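Here it is, the structure in full.
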Amino acid sequence: MAGEADEIEPDGQPNAAGIPLGTLHGNIHYHLALAHYLRQEFVPAVDAWLRARALARNDDMVVATSYWLYLSYRRLGREAQAASVLGDIRPDMRIIENHAYHDLLRLFGGELAAEALLEKGRAGGQFSTYGYGVASWYLLSGDRVRGEALLREIVNENDWAAFGYIAAETELERIERAR
């Protein structure tokens with residue numbers, strides 16, 4: 001894609017507004033970053049998240065890339081950089097489809113409660129996404145018992161294609177290997 005112009009990439013599953021949110025370059029960096037994150041290669045994940053975030057043309061892509069960037073920084077122990085990611089997150093952002101990432105970033109910033117988000121995820125069919133974010137929050141806050149229990153609950157659901165589900169699987173595998 002080097003030297004090629006960036007362009008809107010049509011969604012495989014259009015959102016309710018019928019507005020494609022991602023760009024070709026942005027989506028390539030996003031999915032590359034996600035692959036690094038899932039492999040627990042957090043330094044290259046951060047680099048790719050930053051490139052994807054720089055290409056964000058709307059609030060949906062800002063929150064999607066910011067969510068994973070925040071988690072990557074936290075995994076690296078870069079607390080100040082993680083906190084700086086939250087500086088761009090506002091309650092009044094115009095979100096079309098990435099409400100879960102927006103809510104989770106607000107959890108990370110202390111604005112929303114974990115249990116309320118879990119209930120929202122269960123009620124709205126996005127338990128894997130909300131659950132992984134809350135589980136990560138617990139784990140990064142030192143609450144291994146609740147974090148691991150939530151990861152196990154996620155993988156017991158039949159939501160295998162959700163990024164939160166895939167991330168929960170890889171996190172549980174890492175935890176098991178470390179024991």
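Just the number: Rg to Rh for the chain, Cα atoms, Kirkwood Rh, two decimals.
0.95
With the dipole of the chain worked out from charges on the C-beta (+1 for Lys and Arg, -1 for Asp and Glu) around the Cα centre, which of A16, L34, M1 lies farthest toward the positive end?
Farthest towards the positive pole: L34.
So if each residue of separation counts as 0.36 nm, and I subtract the Cα-Cα distance between H31 and T170, what length gain in nm does that give?
Here the segment from H31 to T170 would lengthen by 48.5 nm.
Under unit Cβ charges (Lys, Arg +1; Asp, Glu -1), what dipole magnitude, rounded to 20 debye, does the chain have relative to its Cα centre?
Once rounded to the nearest 20, the dipole reads 540 debye.
Relative contact order for region 18-90 using alpha-carbon pairs under 8 Å, separation at least 6, rounded to a whole percent?
On the way: 80 pairs, mean separation 20.8, N = 73.
Relative contact order here is 28 percent.
Based only on other Cβ atoms within 10 Å, what is the fewest-to-most ordering of E153, E4?
With the fewest neighbours first, E153, E4 line up as E4, E153.
Helix-derived [θ] at 222 nm for the chain: sum -39500 (n - 2.57) over DSSP H runs of at least 4, divide by residue count, nearest 500?
Rounded to the nearest 500, the figure is -20500 deg cm²/dmol.
If packing is taken as the mean number of other Cβ atoms within 10 Å per residue, what is the order of 5-16, 166-177, highest first?
With the highest mean Cβ count within 10 Å placed first, the list reads 166-177, 5-16.
If neighbour count is taken as other Cβ atoms inside 10 Å, put H29, H99 in order from fewest to most.
Numbers: H29 22, H99 17.
Arranged by neighbour count, lowest to highest, H29, H99 become H99, H29.
Still on this structure, please answer the following. Modelling each spin label as a point 7 Å along the Cα-to-Cβ direction, I'd like the E7/N156 distance in nm, to one decimal.
Going by the 7 Å Cα→Cβ label model, 4.7 nm.
Grab the other residues whose beta carbon is less than 9 angstrom from that of N15, score K and R as +1, D and E as -1, and report the net.
Spelling it out: positives minus negatives among the neighbours equals -3.
In a solvent-free Debye calculation with one equal scatterer on each Cα, what is log10 I(q)/I(0) for region 75-179 at q = 0.10, 0.24 Å⁻¹, listed in the order of the q values?
Here log10 of I(q) over I(0) equals -0.27, -1.41.
Need one number: the % of Cα-Cα pairs in region 18-90 sitting beyond the 13 Å mark.
Details: 1569 of 2628 pairs.
Distances greater than 13 Å cover 60 percent of the Cα pairs.
Going by how many other beta carbons lie within 10 Å of each one, how would you line up I89, I96, fewest first?
Fewest to most other Cβ atoms nearby, the residues stand as I96, I89.
None of the figures in this text is laboratory data; all of them are computed from the coordinates on show. Just so it is clear, the model here is predicted, and its values are computed rather than measured. Heads up, the Cβs are rebuilt from the backbone with ideal geometry, glycines too, and the neighbour counts pull from every protein chain shown.
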